[in-house]
1. So what's the chain giving for Rg/Rh, alpha carbon basis, Kirkwood Rh from the mean inverse pair distance?
2. Could you give the distance between the Cα centres of the range 272-307 and the range 90-153, to the whole Å?
3. At a Cα cut-off below 19 Å, give the lysines reachable from LYS54, other chains included and same-chain residues fewer than 8 away excluded.
4. Compare VAL145, VAL271, VAL38 in a GNM of the chain, Cα atoms joined below 10 Å, and give the one with the largest fluctuation.
5. Using 0.36 nm per residue, how much length does the chain from LEU212 to LEU285 gain when fully extended, once their Cα-Cα distance is taken away?
6. Could you work out how much longer the chain between HIS131 and THR51 gets when fully extended? Use 0.36 nm per residue separation minus the Cα distance between them, nm to one decimal.
7. State, as an integer percentage, the relative contact order of the range 11-301 based on alpha-carbon contacts under 8 Å between residues 6 or more apart.
8. Between MET173 and ALA143, what is the spin-label point distance in nm, taking each point 7 Å from the Cα along the Cα→C-beta axis?
Amino acid sequence: MAQDNFSRVTEFILLGLSDTRELQLLFFTLFLLAYTMVLLGNLLIIVTVRTDPKLSSPMYFLLRNLSFIDICYTSVTVPKALVALLSGHKAIAFEGCMAQLFFLHFVGSSEMFLLTVMAFDRYTAICRPLHYTSIMARGACWALVAACWVGGFIHSIVQTVLMLQLPFCGPNMIHSYFCDVPPVIPLACTDTALTEWLMASNSGLISLGCFLVLVASYALILAKVQACLSQGHWKALSTCASHVMVVTLLFMPCIFTYLRPAGALPTSKYVCVIYTIFSPMMNPLIYTLRSSEVKESIWRLWKHCRA
């Protein structure tokens, strides 16, 4: 059938996590609590790193950028979900759905690239300490962060263009609380096998590739620490432990979701909660609890604000 004969869908319905009103109110409370923690926690890290000269190392510069990305990432999906849970209005315009998909992958893939850069930073600090200052100079840090955003933009453009070329003519019920490739692509009125494999290769291989690079870098760090058991190296390894927690929370659900065609296995919409809400919420807790420097800076900032 020619694409001109299709009546294009103008809006989608986000079915969310549950149809039960009591559960919707429970999810609203949990989402609102988590979103508040994401905003306050990451804003606190941004302000603390920005105002404390003692936190001027590349690691904290990258951490500040990660906090900014986490705020953007959750803001793409959670506000719309909160409105739908509270008001019951679950419709989202086709253009709004595609925009949400674009920014979700733009910010999400930028975060993956940034976490890879942070692992490179820790690898350089531990395995090449004499060259760390020159390798991770401020100009190089800015260039690496810019590369993360550019890479995320290119990835997201590819995803969005592939989606916009598909015809959507009938079913418009999305079994999730936000627009993403796996729940949206099965609604297309055409054979999407090739597109699914292209998207799985795009998102899935990015997730898997970054994850493997991270695992390799931390393996090298562990080997270095075992060979040189100094206090400074153990301190750096402690910092890496927090990175590993973030990597596990973000990458494993993403690999499960994206490294396969959309129709191969049913995607649990509850798995999406882990990398869209839970992981950004845990980042401030993980980094502040694992870093004595950040905790001391937050305490100094608190005393300064009370003075």
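1. 1.01
2. A separation of 20 Å, based on Cα centres.
3. In chain and number order, the partners are LYS235, LYS295, LYS303.
4. VAL271
5. Separation in residues times 0.36 nm, less the Cα-Cα distance, equals 23.8 nm.
6. 26.1 nm
7. Normalised by residue count, the contact order of the range 11-301 is 27 percent.
8. If labels sit at MET173 and ALA143, their model points lie 5.3 nm apart.
The values are calculated or read from the model by the stated rules, or taken from the named source; none is laboratory data. Quick caveat, the model's predicted, so the values are computed rather than measured. Heads up, the Cβs are rebuilt from the backbone with ideal geometry, glycines too, and the neighbour counts pull from every protein chain shown. Note: areas computed on protein heavy atoms with side chains; ligands, DNA, RNA excluded. Shrake-Rupley method; radii C 1.70, N 1.55, O 1.52, S 1.80 Å.
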